[in-house]
Amino acid sequence: MLRASPGLRILAGLWWLGCAGCTTLRELPPASYANVPERKHVEVDTKDGQHREFEFARFGSDSLVGFLPGLQESEFQEYREVAIPFDSVAKLSVRRVEWYRTGLIGGATLTAVVLTALGRHQATPAPPAPMPCPDLPCR
């Protein structure tokens, strides 16, 4: 069985934590809908009460086209397109990484790892120093 060193395990844990991150759903103002031509993880509430969650969406000048995973299982991922005019959008939100919160959690985790390592290092007593001349008389 292959075992990783403790340092490698800690590094892998920190990498996993950084990739996971904290995300937050931010509402976009209507004036900025078309500022970016494509966005990932878009949620739309329409004025007639529908709620749609798109993996990604393309934005035009007056409407958006959201892409939902297809219902058929096949070798390739297929998507269904749903077009929604901006006039019928009540609320549009985009999921993004919250870097501040991710940094706080990552910093707290790194601090805990460092403090634990320092605590273990200081808890082990140093071996006693050998006598300079154990068997012979010292000159």
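Every read-out reported here was derived from the displayed coordinates using simple, explicitly stated rules and does not represent laboratory data. Computed from a predicted structure; not experimentally measured. Heads up, the Cβs are rebuilt from the backbone with ideal geometry, glycines too, and the neighbour counts pull from every protein chain shown.
Subtracting the Cα-Cα distance from 0.36 nm times the residue separation, let me have the gained length for Leu28 to Ser61 in nm, one decimal.
Net length gain for the segment: 10.3 nm.
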Placing +1 on each Lys and Arg Cβ and -1 on each Asp and Glu Cβ in the range 13-120, then taking the dipole about the Cα centre, the residue among Thr24, Tyr100, Gly49 whose Cα reaches farthest towards the positive end is Tyr100
The size of the Cβ-based charge dipole (Lys, Arg +1; Asp, Glu -1) of the range 13-120 about the Cα centre, to the nearest 20 debye, is 640
Sorted by chain and number, the residues with a modelled amide H under 5 Å from that of Gly60, at a separation of 5 or more or across chains, are Val65
